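Only one structure is covered here, and it is reproduced in the block below.
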Amino acid sequence: MDTTFVAPMGDRGRLVIPAELRARQHWDQGSRLLMIETSGGVVLVTRDQAKALVRSQLDGSDLVESLLADRRAAAASEDDAA
């Protein structure tokens, strides 16, 4: 569902997000949106949408176990160097 929308920027930097896009994204008046700058442009999402994106990227991985494994490897390297 990739669709392109145009939003002209006003003289004070304000953007008017098209009604169709707001409806599709369930963004209501007062919705707080995050603007995430990437190398490919800017992503506009709510906090909940950002959380869901991060969760989907980490789905199936055990972050705590991964961090512990990294720390164990670093500690082993330090022990070997001593």
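Readers should treat all values here as calculations from the given coordinates under stated rules, not as data from a laboratory. Given the structure is predicted, the values throughout are model-derived calculations rather than measurements. Don't worry about glycine lacking a Cβ; one is built from the backbone with ideal geometry, like all the others, and counts go over all protein chains shown.
In this simple spin-label approximation, Arg24 and Leu53 carry label points 7 Å from Cα along the Cα→Cβ vector, and these lie 1.5 nm apart. Take the chain, mark every one of the trypsin sites (Lys or Arg not before Pro) that falls in a DSSP loop and has at most 11 other Cβ within 10 Å, then report the longest stretch left between them, sites excluded. By the stated rule (loop sites, at most 11 other Cβ atoms within 10 Å), 33-82. For the chain, the Cβ-based charge dipole about the Cα centre amounts to some 640 debye (Lys, Arg positive; Asp, Glu negative; other atoms uncharged). Roughly how tilted is helix 47-58, in degrees to the nearest 10 and between 0 and 90, from the longest Cα axis of the chain? The answer is roughly 40 degrees. Just to be sure I understand the curve: with the Debye formula and one point per C-alpha of the chain, what is log10 I(q)/I(0) at q = 0.17, 0.22 Å⁻¹? Once normalised to I(0) and log-transformed, intensities are -0.85, -1.19.
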